[in-house]
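The values are calculated or read from the model by the stated rules, or taken from the named source; none is laboratory data. Keep in mind it's a predicted model, so treat the numbers as computed, not measured. Note that we place each Cβ from the backbone using ideal geometry, even for glycine, and neighbour counts take in every protein chain shown.
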Amino acid sequence: MKKVASKYGINEERAYTVGLLHDLGRELNIDEIKELAIKFDSRDIIKIVNLEKKLETPIILHGAASAEILAEKLDGVDNEILEAVYYHTLGGVGLSNLAKLLYIADFCEPKRDYRESKIVRRLLDNQNDSADNNLLLAYYFSYYYSIRYTLKTGVIFYKDTIDAYNSVLEEIKKRELVIDKKLI
């Protein structure tokens with residue numbers, strides 16, 4: 001993340017921080033994730049939409065658990081860091097570029113060696129087009145491929161992801177960007 005952050009006008013140290021710490025809550029047991037997510041929700045920094053439903057699949061709340069750990073342990077951690085960490089699992093609407101980059105980076109981290117992650121990495125690394133458009137297209141395809149995977153596996157969709165996908169698609173249309181059909 002740190003490597004591409006400056007290309008997108010994102011502070012490299014902040015990108016490194018969220019990249020390093022976003023999964024702090026990932027390996028906790030289910031009860032700990034639930035407890036930390038509920039605590040994070042009570043902070044009123046970010047309201048967890050459909051919290052009760054998400055508690056039925058607590059692993060998707062590991063971003064909230066991680067954000068709560070950061071809020072508890074790091075004095076003065078700002079809301080942009082907490083937002084990026086929280087939203088890296090399902091995404092969201094109106095996110096900062098730091099949060100968008102973390103969502104993308106989590107989708108296409110180097111250990112994910114499948115076609116879709118490689119495509120998103122190439123979009124992120126593209127030097128030919130404007131950085132802002134590259135970030136948007138990488139963000140779009142991260143959602144597109146995540147939604148496609150969710151449809152194939154038959155797991156529950158959450159409104160956060162659908163709203164984010166629609167928001168990104170609207171921005172692509174507004175900018176009159178072309179989505180390469182070969183990538184679909």
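Please indicate, with yes or no, whether at least one residue in the range 22-31 is in a helix (DSSP H, G or I) and modelled with pLDDT of 95 or more. Steps first, please.
Let us first name the residues in the range 22-31 that are in a helix (DSSP H, G or I), namely 30-31.
Next, only the ones that are modelled with pLDDT of 95 or more stay: 30-31.
Scanning the range 22-31, I find at least one residue that is in a helix (DSSP H, G or I) and modelled with pLDDT of 95 or more, so the answer is yes.
Given the condition acidic (Asp, Glu) and surrounded by 14 or more Cβ atoms within 10 Å (Cβ to Cβ), answer yes or no: does some residue in the range 63-79 qualify?
Looking through the range 63-79, at least one residue is acidic (Asp, Glu) and surrounded by 14 or more Cβ atoms within 10 Å (Cβ to Cβ).
Can you tell me which residue among Ser146, Ser142 is buried (at least 22 other Cβ atoms within 10 Å of the Cβ) and modelled with pLDDT of 90 or more?
After ruling out the rest, the residue left standing is Ser142.
Does the range 81-101 include one or more residues that are modelled with pLDDT under 95 and among the hydrophobic types (A, V, I, L, M, F, W, C)?
No, every residue in the range 81-101 fails to be modelled with pLDDT under 95 and among the hydrophobic types (A, V, I, L, M, F, W, C).
Which of the numbered conditions does Ala15 fail, given that it passes all the others? Conditions: (1) part of a helix (DSSP H, G or I); (2) without any contact (Cβ under 8 Å) to a residue 24 or more places away in the chain.
(2)
I'm trying to understand the selection: among the residues of the range 151-161, which are assigned to a helix (DSSP H, G or I) and exposed (fewer than 15 other Cβ atoms within 10 Å of the Cβ)?
Leu151, Lys152, Thr153, Lys159
Looking only at the range 128-139, count every residue that is small (Gly, Ala, Ser) and surrounded by 15 or more Cβ atoms within 10 Å (Cβ to Cβ) and tell me the total.
Within the range 128-139, residues that are small (Gly, Ala, Ser) and surrounded by 15 or more Cβ atoms within 10 Å (Cβ to Cβ) number 2.
Specify the residue that is surrounded by the fewest Cβ atoms within 10 Å (Cβ to Cβ); the eligible residues are those in the range 90-104 that are within 17 Å of Ser66 (Cβ to Cβ) and within 8 Å of the chain's Cα centre (by Cα).
Within the range 90-104, the match that is surrounded by the fewest Cβ atoms within 10 Å (Cβ to Cβ) is Gly92.
Restricting attention to the range 66-94, which residues are outside any helix (DSSP H, G or I) and either under 16 Å from Leu28 (Cβ atoms) or free of Cβ contacts under 8 Å to residues at least 40 places away in the same chain (or both)?
Taking the range 66-94 and keeping what is outside any helix (DSSP H, G or I), we get 74-78, 88-94.
Within the range 66-94, Leu74, Asp75, Gly76, Val77, Asp78, His88, Thr89 meet the criteria.
Would you check if Lys53 is basic (Lys, Arg) and in a helix (DSSP H, G or I)?
So Lys53 passes the test.
Restricting attention to the range 166-183, and to residues there that are under 20 Å from the mean Cα position of the chain (by Cα) and without any contact (Cβ under 8 Å) to a residue 24 or more places away in the chain, which single residue is surrounded by the most Cβ atoms within 10 Å (Cβ to Cβ)?
Asn166
Find all pairs meeting these conditions: Cβ atoms under 7 angstrom apart; at least six residues apart or on different chains; first residue within the range 39-50 and modelled with pLDDT of 95 or more and surrounded by 15 or more Cβ atoms within 10 Å (Cβ to Cβ); second residue in a loop (DSSP other than H, G, I, E, B) and not charged (D, E, K, R).
The qualifying pairs are Asp41/Ile48.
Scan the range 124-134 and give yes if some residue there is in a helix (DSSP H, G or I), touching an Asp or Glu at 6+ places or on another chain (Cβ under 9 Å), under 29 Å from Glu170 (Cβ atoms) and modelled with pLDDT under 95, otherwise no.
yes
Does Val4 satisfy the criteria of being surrounded by fewer than 18 Cβ atoms within 10 Å (Cβ to Cβ), of a type in the set (A, V, I, L, M) and in contact (Cβ under 8 Å) with a residue 12 or more places away in the chain?
Criteria not met by Val4.
Select from the range 32-50 the residues that are charged (D, E, K, R) and in a loop (DSSP other than H, G, I, E, B) and write down the one among them that is nearest to Asp106 (Cα to Cα).
Lys47
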